[in-house]
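Right, one structure below, let's go through it.
The values are calculated or read from the model by the stated rules, or taken from the named source; none is laboratory data. Keep in mind that what you see is a predicted model, and the values were worked out from it rather than measured. Reconstructed Cβ throughout: ideal geometry from the backbone, glycine too, with neighbour counts over all protein chains shown. When the accessible area is computed, the model is the full protein with side chains, heavy atoms only, and any ligands, DNA or RNA have been set aside. Shrake-Rupley method; radii C 1.70, N 1.55, O 1.52, S 1.80 Å.
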Amino acid sequence: MKYITKELIVSEWLSEVNRHLKVSKRAEKKDEKFYDSVYKKQCSVFLSNESNCSIYRDPKEELRKINEYVNESGIDEEERLKRLEFKKIHEKVNAKRIARGIKFEFDEEKAKRKFTKLLNKRIGYLRMLPQNILDRVADIRVLALGYVSAEVKKLLRLYCAELKSTVREAWAKAYLITEDAEKKLKEIIGFSSHYNLLINAVEEKDGDIYIKGEEETIIIENGEIIEGKGKAVYKFDDSIPNSPWSNIIAAELYCENDKFEAHFFVFECNENYEEGNWYLTVSGTDVRLITE
């Protein structure tokens with residue numbers, strides 16, 4: 001990646017830090033009781049949200065209720081067709097869960113460990129804030145949980161506004177260069193839009209490189225993996241809790257002397273909630289997209 005680097009992704013996260021922070025006088029000094037109270041509060045909200053995920057519901061019971069909803073008496077044909085469409089979408093999205101008919105039990109201890117991992121990640125990112133701001137943070141753990149002093153809130157507001165401008169400029173440059181390169185492809189595929197794409201595999205076949213998603217595959221013809229060769233990819237399975245995943249969160253395309261270079265930034269998480277990221281860079285003579 002030339003513009004959307006790992007460092008820029010962290011900067012993008014930091015540029016949003018100021019959102020949803022609550023000002024509290026108790027955040028002006030280190031206070032273990034205050035930390036314990038906000039930790040318990042935020043952990044409780046997290047556990048509630050996790051336990052209410054559809055993965056922990058009985059798929060057959062869900063389908064039974066939807067059938068009742070579709071077949072409810074006293075509704076007109078137009079409304080029934082809308083409900084049937086809702087049922088079709090539900091069946092498609094939850095096909096694996098319905099086929100398996102397995103009801104997973106929510107594991108509170110695992111969810112608590114996940115919360116701790118996410119909190120530690122936030123703390124790690126927050127330690128990258130400018131020192132003049134960190135010097136005024138009484139307890140970085142409390143900041144990570146969403147509470148801040150009025151002074152730090154003001155400093156963050158200014159810092160985040162400036163950082164957002166830098167981040168937007170980098171994304172804009174990557175988009176414009178990618179658009180220019182894409183004009184030289186045999187067919188326009190909307191390359192810049194292929195981020196936030198869960199990938200199941202990166203394969204080499206007949207000299208081409210296949211980056212496979214659930215419903216679409218990016219093909220780099222006469223491809224060569226320059227960066228990221230041999231990296232394991234986690235295939236996401238939405239029918240099991242906390243499935244590991246690998247996700248393209250940024251994509252750039254460059255062209256020089258009729259040779260294309262596709263850059264992807266891959267963010268991943270394993271079954272133990274351990275996150276990582278890596279670059280996948282592939283060169284080739286053309287880039288195609290096929291939809292499954």
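The fraction of accessible area contributed by carbon and sulfur in the range 123-253 is 49 percent, rounded to a whole number (1.4 Å probe; ligands and nucleic acids excluded). Subtracting the Cα-Cα distance of Arg136 and Lys33 from 0.36 nm times their residue separation leaves 35.1 nm of extension gain.
Once the Cα gyration tensor of the range 123-252 is diagonalised, what are the square roots of 5 times its eigenvalues, in whole Å and ordered largest first, as equivalent ellipsoid semi-axes?
Numbers: eigenvalues 295, 91, 30 Å².
Listed largest to smallest, the semi-axes of the range 123-252 are 38, 21, 12 Å.
Thr166 exposes around 80 Å² of accessible area when a 1.4 Å probe is run over every protein chain in place. In percent, rounded to a whole number, the relative contact order of the chain is 21, using alpha-carbon pairs under 8 Å and six or more apart.
Over all other residues within a Cβ to Cβ distance under 13 Å of Glu182, the charged ones net out to -2, with Lys and Arg as +1 and Asp and Glu as -1. Calculated over the range 135-197, the projected area of the Cα convex hull averaged across directions stands at 6.3 nm². Charged neighbours of Ser243, selected by a Cβ distance under 9 Å, balance to -2 (K, R count +1; D, E count -1).
Expressed in nm to one decimal, what extension gain is obtained for the pair Leu185 and Arg64 from 0.36 nm per residue of sequence separation less their Cα-Cα distance?
Full-extension gain reported as 38.7 nm.
Ordered from highest to lowest accessible area with the whole protein assembly present and a 1.4 Å probe, Asp135, Asp286, Asp107 read as Asp135, Asp107, Asp286.
In the full protein context, the range 123-219 carries 54 Å² of accessible surface per residue, based on a 1.4 Å probe and ignoring ligands, DNA and RNA.
Computed from the C-alpha gyration tensor, the three semi-axes of the ellipsoid equivalent to the range 5-138 are 44, 18, 16 Å, from longest to shortest. Derived value for the range 93-191: Kirkwood hydrodynamic radius 18.3 Å. Basis is the mean of 1/r over every pair of different alpha-carbon atoms.
Recomputing percent of Cα pairs over 32 Å apart from the coordinates shown identifies the correct label among (i) 23; (ii) 46; (iii) 39 as (ii). The gain in end-to-end length when the Lys259 to Ala172 segment is fully stretched comes to 29.1 nm, 0.36 nm per residue minus the alpha carbon separation.
Accessible area per residue (1.4 Å probe, heavy atoms of protein chains only) ranks Glu292, Glu182 as Glu292, Glu182, with the largest value leading.
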